[in-house]
Structure formats: C-alpha cells, structure tokens
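Remarks on the structure that follows.
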Amino acid sequence: MIKVLDSFVADKIAAGEVIERPVSAVKELIENSMDAGAHSVIAEIRNGGKSYIRVTDDGCGISFDEAETAFLRHATSKISGITDLDSIETLGFRGEALASISAVSRLTMVTRTPDSPSGTKIILHGGKVVSKELTGANKGTTVIVEDLFYNTPARRKFMKSDAREASAITELIQQYAVCRPDIRFMMISNGQTLFSTKGDGDTEAVIRTLYPDIASRGLIPVLDGSVSGFVSDPGSTMSTRRGQLFFVNKRLVSSSIIEKGLTEGYQGRIFSGFPAAILFIEADPSSVDVNIHPGKREIRFLRQDEIRNAVCEAVKKAVMTGAGIPKGFVKNIESNEPKSLNNETDRDASAVPSGEQTSIRDFLSRLERPKRKEPAKEEASGSYSAAYVSDIAEAAEDDYEAFSMPAAPAAAEEKAAAVPEPVKAKVPAPFDFEDLTYKGYVFDTYIIMQGRDELYIFDQHAAHERIFYERFMRGYSNSSHSPQPVLTSFTLSVSPDVYSMERSWLEDLRDMGYDIEDFGERTFIVRGIPPYMSAGEAEAFAMAYSEAAGESGGTNSVVRDKLIMRSCKSAVKANDRLSEYEINGLMSELAKCDNPFSCPHGRPTFIRVSSYDIERSFRRK
Ligand code: ADP
Ligand code: MG
C-alpha cells in the first residue's frame, strides 16, 4: 500500500534534490523496478537520457487506484513510520523519486499488477496529471520520461554532453547488473543494444562480459561469512581505484573503510597500484547509515572495525590460495611501478658492496635435510584460469538473441520475490607447497616447480629475503635474546659520519642481540650475534643497518622498521648457484612462512604460468 508519510517522518528524511541529471532519474527508476521484484529490467535512453528515458520491468506493478498516489511527494509503500528507517532493505524509501522526476519532465507510466486484468496508463506534465486511463498492458511497469528539465531551463545547463550522460547511465546499469546477476538487464542507447545479461545468477559471467579489464586481472573468488565477490591477483593491479566496486546490502557504496580492509587483506603483497575488487558485503541494516546523501553512495558504518576486519580476513583467505599467485607472462597488465620505489630498491642493492653480502648457501647449510616430498596428487582440481570474453559487443549480441521478456509463470506472479542469496563462488583450496615437484633451475636464480595444472617460477633471492625477514621478526620480537658468541669476532668499519653521529643504531643492534663495542678508528668489534642469524647474515645485516642509519641521519621507532626491511634485503643478496638439496631446503623454509607469497617489499617470491596460458601461447587453445 502506498502511503503518504507524515510530516515528522518526512522531515527526518534528508530533503534534497534527487534528480540532478538523467542518470539520477534512471537510478531511481531502476531501483524502483528492483524493489518491485522484477526479474527483467530494460533501460532505454536517447540523447544520453535528455530527450527520452524508458525503464520497463516485470515487477509487481501499481494498481489503478494507487497510480496517482505514487507521484505524491513522500508517498511510498516501503516505510510507514520512523522506526522502519532503521531497517531499510529496499533501495528507495524517501517516496520522492517519482514526484521529483514527474515534476521536471513529461512522464508516462504504464503499469499492471498481476491480479488485475487491465493496466493503467497515467501521463503527467510538470508534475500535473494530464490523463489517466485503463489500458492493456504486460505485467509490470514501464516509465517513460521525456524532455527532462523542459520546464526548468536552469537545470539543463548542468547536463554534460549526450555521450557523457549516456556513459554515466551505462556505467550505473553495469553496476546493478553485477550486483544482481539474478536479474536480466538490457541497456539500449539511441536504438542500439549496448549489453544485456542473462539473469541466471552467474556473477562471474556478468563480470567477464561487462568488466573484461577486471576479469583479465584474474578473478579470485572471495567467500567468507558476510563478504563475497572477487579480487584480482596481487600482481595484476590497476593504476587507479576504478576497478573497485563495493556493494553493501546490494547497494553500490564508496567507503574508505572497505578500501582499507581490502588493502590489508593483501598483506603487503601489492607492489604498486590498486587491486581490482568486486565485493558484496551483507551488513545488519541497522548498523549502516545510508541516509547521508540523497545519492546514497557514501555509507557510514556504526562498527567500522568489524567491517574492516571482515573484509580483510575474507580477502586474505582468498589471496592465500594458489589463485593469488601472480601470473607470469600475461599481457594486458598495466606497468605502473612507481619510479621512487624502483630507485630505492636499486639504491638498496648497491648500498652494500657485494663482498659483504651473505651467501644464500651459508644460510642454507644450517638447514636440516628436508623430507623428500610425495609426488603431486593426481586428484582433480579447479583450474583458476579460464577464458574470458573480452568483446562486449559480441557478448551483448549473443545475449540479445536470448533476451526476451519472460512469460511470467503463475507462481512468480505473486508479489516482489525475496532477494536471492548472493551467488556462491567456489573458493579454491589454500596453496599447498606439498603439491609441487622440482623441475629445474635457470639463470642461477630461478627455481621451476610444477603443480597440478600450473608451473611456478620462484625467485631464490625474494624467497630467501622473505624467510630471513620472518625469522628476523620472530627473533627480534622475542624479549630476551642474549647474543650467541662467534668463534672469530669480526669488525665493522663505518664511514666517519656514521662513527661520529649519535649512536642510536648501535643500541638498536644490541636490542637485536648483537654484542658490539666501539673499537676506535671508525671500527666496531662484534663478539656475539643474534641467535636467529647465521654469521654471514649477521655481518651483512649489521653493515647494512649502520649504513642505512647513516643515510637517514639516525634511527627512531618510525624509521627503524624501514631500515630493518632494507637491511634484510642486503643480508640475503647474493648470486649463488644452489644444489637441488639446497633448493629443497629453501622451499620447505618458504612453505613455513606466514606469507610465502611475497618478499617484505611486496615483490612476488614466485609467479605462476598455467598450462592453459602455455597452450594459448602455442595457439592450441
Ligand atoms: P520510493 O521508492 O522511495 O518508495 P518512489 O517515488 O520512487 O518512492 O515510488 C513511490 C512508490 O511507487 C513506491 O513506494 C512503490 O510503491 C511505487 N512504485 C514506483 N515504481 C514502481 C515500479 N516500477 N513497480 C512497482 N511499484 C512502483
Ligand atoms: Mg524509489
């Protein structure tokens, strides 16, 4: 039943001009269709919506008696009192969209409820009803909006070009289409079908059709409690956030809380740029405030940390699977590495003379002999890479043929159908090092391992750096580490400025477990090293740390972590050729890491190439 809200409730709802541009009218009409339980929604525009907008749905329709009421300000069937505002599950609730749109256009609505034999056609000009009559009609509602802002010329000048308005509308409908894969959407502009979706509930298929640039970054399924969707693999980022779409309770929102949770979920594995992500979050309607802005995009969470953690945990689980390993040799990945980062790492590498770098072999020699691995299990597993359709036009064309308004079956004719569950994606199993078999070693640096359907290329330095870093952080955070004496003490020679500057770095090294003392003549003598380092590592680390401290003019709690990261890199940098035995040791150490997927600087420790990619390169597929 459509009721007019009392003035108290009406005033509680932020007033504001809802209709600013054609896209705002389309948004309201589409949301009404979705609220009406439609399974099929067609949006047609001409001239970017300025001269013509049509939205046709197969939803519950409006009865003859209520047709006029729907156009009254604050007339809505969706809430009746202020208590309802806290538990809004429909998209619209202000009861002012139809009133606002009809006030600034020539509007025609044709509508029929399932239980009524005939439909209603009502025409309004500038908000005034000019005719209302019974008519034959399909079940559902069609709203045609012509000559938007014809009676408010001032508003017309805020509209952009036809093309800009059309693309804003197209983008909007694309967003609804991914959010509601159970609804068939069709978008027509100037007589041309731009796209349509099947309405079969397959989110991934909709993304591949409508967002090929996101799909090409590898869609890792996310499914954890109230958070579902897809994220890109950490190595395939975009240079902006344009690949990030967040939906809370099926409503597109922008939220820095969700952005933060997403970034944290990657755990430092983003080397540069922004991951692509399409995330659906279910939240208790009473814990979100959607009433901040009439456009309803900004969302406020009452329990921000809860949402942030939920997103972070869900993304973490997803990218910790094999699907989260960056793909090697894949085209179409934007190269957007920031110059500063490259420069810094280059400087890192050259900061320490190679003679002082620890041998990776020195580190490996201390490892226990690893167990021989079982051969990879042969059971079936999901392939993470699949072909994607990149040609929207082609896909839309195919869909167009399959698209027609469904003949509504009697049972479905009831009232607005319940919103279906989000489509469940299958989350691949966590990545398991046990599934890998050693296949080879190239350029004295890269280790080739074979998995089930993919081969993996490991960078021995990035891997060693990750292992050393985690061992370091574990050892360092241990409260007591008494130095382990070294058989032959060694000296550190530092530059004059490091020698003469305030020696906070020396205290840092002692905190880490070094037994180190001033030896005069710009040298320090080391008689004991941290128990969690090998002698070679300890020497290279101390050297790198003192130099880094010199460069940054001292240390404090803020720079310390940065210096440690840089020094870890120096401590493991070396070009050793490894034996198969040492490679196995490196692998089993890496497998034990909390985050075996990237070095502390965010570079991948290994990449993957699927058999599918290889076959495609040979034009077999
Ligand atoms: P709101 O959506 O905030 O309730 P609107 O002005 O958008 O306000 O719509 C007013 C009322 O008209 C809605 O509450 C709904 O009952 C009815 N209505 C609007 N569009 C449709 C539609 N496409 N199908 C069925 N009912 C509709
Ligand atoms: Mg509405």
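Using the Cα centre of segment 203-324 as the reference point, and only Cβ charges (+1 on K/R, -1 on D/E), how large is the resulting charge dipole? Debye, rounded to the nearest 20.
Details: 15 positive and 13 negative charges, 58 e Å.
Around 280 debye, computed over segment 203-324.
Comparing segment 203-324 with the 2.2 N^0.38 Å rule of thumb, its C-alpha radius of gyration ratio is 1.00 (two decimals). Across the cross-link table entries Lys198/Lys260; Lys128/Lys160; Lys27/Lys50, which are compared at the Cα atoms, the separations over 25 Å belong to Lys198/Lys260; Lys128/Lys160. Near Lys160, once Lys and Arg are set to +1 and Asp and Glu to -1 for all other residues with Cβ below 15 Å from its Cβ, the sum equals +2.
Across the alpha-carbon atoms of segment 106-147, the computed radius of gyration and Dmax are 10.4, 33 angstrom.
Applying a DSSP loop filter and a limit of 11 other Cβ atoms within 10 Å to the GluC sites (Glu not before Pro) in segment 486-519 leaves Glu502. Just going by the charge dipole of segment 440-527, with Lys and Arg at +1 and Asp and Glu at -1 on Cβ, which of Phe458, Gly513, Gln484 is farthest out on the positive end? Farthest towards the positive end: Gln484.
Going highest first, how would you order 522-534, 599-611, 157-169 by mean Cβ packing within 10 Å? Mind showing how you got there, number by number?
Working: 522-534: 18.6, 599-611: 21.5, 157-169: 16.0.
Highest mean packing first, the order is 599-611, 522-534, 157-169.
For Arg46, what is the net charge nearby, where nearby means another residue's Cβ is under 10 Å from its Cβ and Lys, Arg count +1, Asp, Glu -1? Local charge sum for Arg46: -1.
Here, each number is a calculation from the coordinates, and none is a lab measurement. Everything numeric in this text was worked out from a predicted model, so none of it was measured. Positions of Cβ are generated from backbone atoms using ideal geometry, with glycine treated the same way; all protein chains shown enter the neighbour counts.
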